[in-house]
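Every number in this text was worked out from the coordinates using simple rules, so none of it is lab data. Owing to the predicted nature of the structure, the values given are computational and were not obtained by experimental measurement. With ideal geometry, Cβ positions are generated from the backbone for all residues, glycine too; neighbour counts draw on all protein chains shown.
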Amino acid sequence: GQQLNQSPQSMFIQEGEDVSMNCTSSSIFNTWLWYKQDPGEGPVLLIALYKAGELTSNGRLTAQFGITRKDSFLNISASIPSDVGIYFCTCAGGTSYGKLTFGQGTILTVHP
Amino acid sequence: SQTIHQWPATLVQPVGSPLSLECTVEGTSNPNLYWYRQAAGRGLQLLFYSVGIGQISSEVPQNLSASRPQDRQFILSSKKLLLSDSGFYLCAWSVLVGGRNTEAFFGQGTRLTVV
């Protein structure tokens with residue numbers, strides 16, 4: 001079945017530091033998505049990637065769709081306290097028609 | 001624009017009682033619909049997904065069930081709740097564009113506590 005490995009599981013950083021997290025899959029997909037979840041809320045889409053090798057930025061966030069179509073990373077530059085939350089990756093397409101499975105999540109804590 | 005409604009926001013139910021959580025989507029047609037459960041603020045566990053009316057795929061065997069009586073309505077149910085059913089339940093929708101699954105949009109979630 002579809003398996004996603006997301007790392008690291010948690011990060012404790014100082015405000016202003018850069019953050020990097022990644023996701024790998026056991027299968028090939030044609031869509032990678034990165035979400036952020038604030039406490040008590042539903043996840044919100046940060047960045048969507050639809051093409052292998054694609055590098056996309058959204059403000060301080062940058063994400064890339066790996067060439068092999070089996071991995072993706074998300075970078076956050078110059079972290080701020082409101083970056084705190086859980087970050088999830090997910091991928092879709094390939095043989096997983098209609099199905100969206102998420103990685104285990106990366107819990108980010110930012111110390112002022 | 002599309003919106004997703006999920007209710008109730010919080011629910012406290014005794015063990016053995018039934019459950020019905022409802023989710024509706026507005027502003028789109030023939031969406032893919034999903035139910036996820038999140039325990040202890042961690043990963044999102046896919047419980048059920050549906051690609052059409054009456055079509056339900058179950059990902060995790062358990063005492064929960066899902067139904068899709070209308071195109072934009074997705075219901076999560078249980079006949080008898082267990083303590084282990086406590087958690088944060090999230091409904092989501094996505095659409096296929098050119099055969100490709102697009103991003104999922106989530107409801108605000110239901111915090112279920114079984115006591």
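Taking the Cα centre of the protein assembly as shown as reference, the dipole from Cβ charges on Lys and Arg (+1) and Asp and Glu (-1) amounts to some 580 debye. A viscosity of 1.567 mPa s and a temperature of 4 °C, combined with the Kirkwood radius over C-alpha pairs in the Stokes-Einstein formula, give the stretch B:1-46 a diffusion coefficient of 99 µm²/s. Within the protein assembly as shown, the cysteines lacking any other cysteine Cβ closer than 4.7 Å to their own Cβ are A:Cys91.
The residue among A:Cys89, A:Gln64, A:Ser25 whose Cα reaches farthest toward the positive pole of the charge dipole of chain A, with charges on the beta-carbon of Lys, Arg, Asp and Glu, is A:Ser25. Toward the positive end of the charge dipole of the protein assembly as shown, with +1 on the Cβ of Lys and Arg and -1 on the Cβ of Asp and Glu, the farthest Cα among A:Trp34, A:Tyr50, B:Val51 is that of B:Val51. Based on every Cα atom in chain A, Rg and the maximum pairwise Cα distance Dmax equal 13.5, 44 Å.
Give me P(r) over the protein assembly as shown, computed from all C-alpha to C-alpha distances, binned every 10 Å, as integer percentages. Bins of 10 Å from zero give 8, 33, 35, 20, 4, 0 percent of pairs. Seen through its C-alpha gyration tensor, with square-root eigenvalues sorted a ≥ b ≥ c, the stretch B:1-110 comes out prolate because a/c lies at 1.5 or above while a/b is bigger than b/c.
Under 19 Å from the Cα of A:Lys51, which aspartates and glutamates turn up, not counting those fewer than eight places away in the same chain? Excluding near neighbours in sequence, the set is A:Asp71, B:Glu103.
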